[in-house]
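The values are calculated or read from the model by the stated rules, or taken from the named source; none is laboratory data. Since the model is a prediction, treat every value here as computed from it, not as a measurement. Note that we place each Cβ from the backbone using ideal geometry, even for glycine, and neighbour counts take in every protein chain shown.
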Amino acid sequence: MNIDNTLTIADLAPALERFWKLSGEKIDLIHAEYDPAQGSPVFTVAGKYTTRGWTEWTEGFHYGSGFLQFDATGDEHHAKKAMELTLSRMASHVSHIGVHDHGFNNLSTYGNWLRLQKAGKLPADQVDFCELAIKISGAVQASRWSPINGGGGYIYSFNGPHSLFVDTIRSCRIVMVAHALGHTLMGENDAPHSLLGRALQHIEATAKYAVFYGEGRDSYDEWGRTAHESVFNPNDGRFRCPNSQQGFSGFTTWTRGLAWAMVGFPEQLEFLKTLSDADLEPFGGRAKWEALMLKGARATCDWFIANTPTDGVPYWDGGAPGLAFMGDWRNRDSEPFNDHEPIDSSAAAIGAQGLIRLGRYLGTETEEGKRYYQAGLTSLRSLLTDTYLGVDPTHQGLLLHSVYHRPNGWDHVPEGQKVPCGEACMWGDYHLRELAVTAQQPDYTFYGCLS
């Protein structure tokens, strides 16, 4: 991608003002037209949100968007609706034992609500309620545990105890917050399990098995490549192979999976600063974890910069076979209406937040930090244009040209097109809002609900 080193957040102010107005309109449109009895809204088909049975992992993004909208604009009706729906519909997600998505669903709702209460932006009359929800959710998530041969372990995906998803690094957020709230996972015979320890071990497994560093692990090893799924033998805990559910293969980089890691490592680096050396000493000490997370953050963010079109919006998989027919696609702007492979704008929305966070962590006054930060702003600028925003007032989606599951053929291909395009998804819409909040509010963090 071509990084604009002169771009500032002030330059984006008019586009962001327009964005938040459009965002509020989309939230209201969905509430007016979508029947929640269908299930959680997942993605749009011909401009209208529909559900897609796999897991209900997007419901928290639906209601969490209202909290972000209120935070950015002060429009109280969005917060009121988000609070009502969190109370009435999210309890089952708190105690859900079958998924790896607690950080997505519950931190987007209870976490944002708690943060806004503690910031004095919403009445602080549900603090205990939100804290209890987060404690339970974090413990339930950490209980979904598979040990690794030789030590460590991971929170296993909905596929079962053999499966580590790169996505789940973002669910470590709720495990960390539950720990910071003083909670512990209690097991058989009242054995206590540290939530901090489990989150750190999961992050270590993600860095070791889901991220590649050009160190010769296989024939396709390159700096920053990620595998969607890492497969283990559940009988003895040994790693077996990389795999992919939603990408092209275990040997190519599914860009949304990459993006989860891009933001997951930097935000955990930020959280480490809130922990004392004594907190980290039992798990190997601060230097170990800072080095591991910083290596993962740099590698994944570097891969994105090197393998994304010039405007900072990637194709859905860096090894998608149709890219071979698209010439020098890395040195042109993204082309959502091409005949070969779809764009995934949701990967840009998620990944750009990681770029901004890594840049700020390293220091935007440094050459390295500025590179990542400016790359994030460059992607954000592209996503705020009419090419990617759902400016049609009848379209329920906010961020267009996203992809859910290309191998399964779930995404809508409009008449006259050859690949999915023109549609939105709930995680893309939410994370574009979160990206905008991150860019505009440097103190916005997943653990902001603690203070």
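Quick notes on this one:
- When Glu188, Glu131 are screened for being surrounded by fewer than 23 Cβ atoms within 10 Å (Cβ to Cβ) and in contact with a Cys (Cβ under 9 Å, 6 or more places away or on another chain), only Glu131 passes.
Each row is one residue, and each column tells you yes or no for (1) touching a Leu at 6+ places or on another chain (Cβ under 9 Å); (2) assigned to a loop (DSSP other than H, G, I, E, B); (3) of a type in the set (S, T, N, Q).
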| residue | (1), (2), (3) |
| --- | --- |
| Arg360 | no, no, no |
| Thr364 | no, yes, yes |
| Lys370 | yes, no, no |
| Ser382 | no, no, yes |
| Ser402 | no, yes, yes |
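- Residue ID - surrounded by the most Cβ atoms within 10 Å (Cβ to Cβ), chosen from residues in the stretch 15-36 that are under 14 Å from Tyr430 (Cα atoms), touching a Leu at 6+ places or on another chain (Cβ under 8 Å) and not basic (Lys, Arg): Ser23
- Scope the stretch 186-198; condition more than 24 Å from Glu290 (Cβ to Cβ), among the hydrophobic types (A, V, I, L, M, F, W, C) and part of a helix (DSSP H, G or I); matching residues: none
- All of (1) more than 21 Å from Ala320 (Cβ to Cβ); (2) surrounded by fewer than 16 Cβ atoms within 10 Å (Cβ to Cβ); (3) modelled with pLDDT of 95 or more hold for Ser451 with one exception: (3).
- Count of the stretch 1-17 residues which are under 21 Å from Leu398 (Cβ atoms) and among the β-branched types (Val, Ile, Thr): 1
- Filtered residues of the stretch 292-304 (kept if more than 15 Å from Glu215 (Cβ to Cβ) and surrounded by fewer than 20 Cβ atoms within 10 Å (Cβ to Cβ)): Leu294
- Residue satisfying all of: in the stretch 219-239; charged (D, E, K, R) and in contact (Cβ under 8 Å) with a residue 60 or more places away in the chain; surrounded by the fewest Cβ atoms within 10 Å (Cβ to Cβ) among these: Asp236
- Residue selected from the stretch 274-304 under the condition among the hydrophobic types (A, V, I, L, M, F, W, C) and out of contact with any Phe, Trp or Tyr (no Cβ under 8 Å at 6 or more places or on another chain), by the criterion farthest from Gly327 (Cα to Cα): Ala278
- Members of the stretch 284-293 found to be closer than 21 Å to Thr445 by Cβ and either out of contact with any helix residue (DSSP H, G or I) (no Cβ under 9 Å at 6 or more places or on another chain) or in contact (Cβ under 8 Å) with a residue 60 or more places away in the chain (or both), listed by number: Trp289, Leu292, Met293
- Yes/no for Phe67 being farther than 25 Å from Ser143 by Cα and in contact with a strand residue (DSSP E or B) (Cβ under 7 Å, 6 or more places away or on another chain): no
- Options Glu423, Glu434: the member that is charged (D, E, K, R), closer than 30 Å to Asn243 by Cα, surrounded by 21 or more Cβ atoms within 10 Å (Cβ to Cβ) and in contact with a His (Cβ under 6 Å, 6 or more places away or on another chain): Glu423
- Looking across the stretch 169-185, just one residue is part of a loop (DSSP other than H, G, I, E, B) and of a type in the set (A, V, I, L, M, F, W, C), and that is Leu181.
- Condition met for Lys295 (modelled with pLDDT of 95 or more, of a type in the set (Lys, Arg), under 15 Å from Ala205 (Cα atoms) and more than 19 Å from the chain's Cα centre (by Cα)): no
- Flag for Lys26 being closer than 26 Å to Tyr404 by Cβ, under 22 Å from the mean Cα position of the chain (by Cα), outside any loop (DSSP other than H, G, I, E, B) and among the basic types (Lys, Arg): yes
- Count of the stretch 306-329 residues, restricted to those that are in a loop (DSSP other than H, G, I, E, B) and surrounded by 19 or more Cβ atoms within 10 Å (Cβ to Cβ), is 10.
- For the stretch 25-34, a residue qualifies if it is in contact (Cβ under 8 Å) with a residue 12 or more places away in the chain, within 14 Å of Gly397 (Cβ to Cβ) and not aliphatic (A, V, I, L, M), and the qualifying residues are Glu25, Lys26, Glu33, Tyr34.
- The stretch 199-218, residues that are surrounded by fewer than 23 Cβ atoms within 10 Å (Cβ to Cβ) and either charged (D, E, K, R) or part of a loop (DSSP other than H, G, I, E, B) (or both): Glu204, Lys208, Tyr213, Gly214, Glu215, Gly216, Arg217, Asp218
- The residues of the stretch 37-49 that are of a type outside the set (A, V, I, L, M, F, W, C), buried (at least 16 other Cβ atoms within 10 Å of the Cβ) and at negative phi, listed by number, are Ser40, Pro41, Thr44, Lys48, Tyr49.
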